[in-house]
C-alpha cells in the first residue's frame with residue numbers, strides 16, 4: 001500500500017488568515033499615516049508664528065515701535081511708507097523671504113497691533129479652514145499662546 005501523496009500549496013484557511021493579517025496591518029498603518037500631513041502643517045504654522053514673533057521683536061528693537069495693524073506684516077519685508085516710518089529698517093528686511101509667506105493651508109496670517117489679549121501684537125493663523133474659531137486642524141494658532 002502506498003502512502004497518500006500530499007500536494008504542495010496553501011489551504012483556503014491559511015490564505016484567509018494571511019489576507020486578514022495584511023488587511024488589519026494596512027488599516028492600522030493607514031489610520032496613523034492619514035493625519036500626518038495635517039500634523040505637519042500645524043507644526044509648520046507654529047514655527048512660522050515663532051519666526052514672526054522673533055522678527056517683530058527685532059523690528060521693535062531696531063525702530064522703537066512695532067508696525068501698525070494698517071502696515072501689517074508687510075512692514076517686515078519692505079519699509080513702511082505710512083507713518084510711523086522706520087528709521088532703522090534692516091537691509092533685506094526681517095524675514096528670509098521677500099514677501100510675507102502664507103500659512104501652510106495657503107491663507108494669509110492675521111496681524112493685530114495691539115493683540116487681542118493685551119499683548120503688544122498678535123499674529124494669528126486660522127488653521128485649515130481659514131476662518132476664526134474651529135477645532136482640531138481648523139483651530140486657530142496664535143503668537144499669544146505659543
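Out of region 54-75, which residues are closer than 12 Å to residue 94 by Cα and surrounded by fewer than 17 Cβ atoms within 10 Å (Cβ to Cβ)?
Scanning region 54-75 gives 54, 57, 58, 60, 61, 62, 74.
Could you grab me the full set of residues in region 118-141 that are under 16 Å from residue 41 (Cα atoms) and touching a helix residue (DSSP H, G or I) at 6+ places or on another chain (Cβ under 7 Å)?
125, 127, 128, 129, 137, 141
Give me the pairs, please: first residue somewhere in region 43-68 and without any contact (Cβ under 8 Å) to a residue 24 or more places away in the chain, second residue anywhere and assigned to a helix (DSSP H, G or I), beta-carbon distance under 9 Å, and either six or more positions apart or on two chains.
Correct list of pairs: 65/59.
Answer yes or no: is there a residue in region 138-146 that is part of a loop (DSSP other than H, G, I, E, B) and either without any contact (Cβ under 8 Å) to a residue 24 or more places away in the chain or crowded, with 18+ Cβ neighbours inside 10 Å (or both).
Yes, there is a match, as at least one residue in region 138-146 is part of a loop (DSSP other than H, G, I, E, B) and either without any contact (Cβ under 8 Å) to a residue 24 or more places away in the chain or crowded, with 18+ Cβ neighbours inside 10 Å (or both).
Taking region 76-122 only, how many residues are within 21 Å of residue 141 (Cα to Cα) and surrounded by 14 or more Cβ atoms within 10 Å (Cβ to Cβ)?
Adding up the residues that qualify gives 17.
Filter region 59-83 down to the residues that are touching a helix residue (DSSP H, G or I) at 6+ places or on another chain (Cβ under 9 Å) and not in a loop (DSSP other than H, G, I, E, B) and list them by number.
Within region 59-83, 59, 73, 75, 76 qualify.
Answer with yes or no whether residue 103 is in contact with a helix residue (DSSP H, G or I) (Cβ under 9 Å, 6 or more places away or on another chain) and modelled with pLDDT under 95.
no
Picking from 86, 104, which residue would you name as being within 20 Å of residue 59 (Cβ to Cβ) and either free of Cβ contacts under 8 Å to residues at least 60 places away in the same chain or part of a loop (DSSP other than H, G, I, E, B) (or both)?
The conditions single out 86.
The values are calculated or read from the model by the stated rules, or taken from the named source; none is laboratory data. Keep in mind that what you see is a predicted model, and the values were worked out from it rather than measured. All Cβ positions, even for glycine, are placed from backbone atoms using ideal geometry, and neighbour counts span all protein chains on display.
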